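Nothing in this text is a laboratory measurement; each read-out follows from the coordinates by a stated rule. Just so you know, these numbers come straight off a predicted model, no measurement behind them. No Cβ is skipped: glycine too gets one built from the backbone with ideal geometry, and neighbour counts run over all protein chains shown.
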Amino acid sequence: METSIFWTAATVIVLILDIWALVSVWKSTKSSGTKLGWTVLIFVLPMVGLAIWGIAGPRGVAIPPTSDEHSKG
């Protein structure tokens, strides 16, 4: 019985986080095709898609500016 409660709670937590990720995807400034791709990934692989979105999503690793103008302090 205790194992059942654990897995139920884990499933509910993953579902809540997936819903948050989907809302975040569709509020982002990404193109519609990119949003659709993220949505499919999150639906097909819920935990993996969520983890990847958390790392590479809208606030993911940014590419620093390369021009000299931006690098002046």
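In order along the stretch 47-53, the phi-based Karplus estimate (6.51 cos²θ - 1.76 cosθ + 1.60, θ = phi - 60°) of 3J(HN,Hα) comes to 6, 5, x, 4, 5, 5, 4 Hz; Gly and Pro are listed as x. For THR3, THR39, THR11, the sequence from fewest to most other C-beta atoms within 10 Å is THR3, THR11, THR39. For the stretch 14-29, backbone phi angles converted through the Karplus equation (6.51, -1.76, 1.60; θ = phi - 60°) give residue-by-residue couplings of 5, 4, 4, 5, 5, 4, 4, 5, 5, 4, 4, 4, 6, 8, 6, 8 Hz, Gly and Pro being listed as x.
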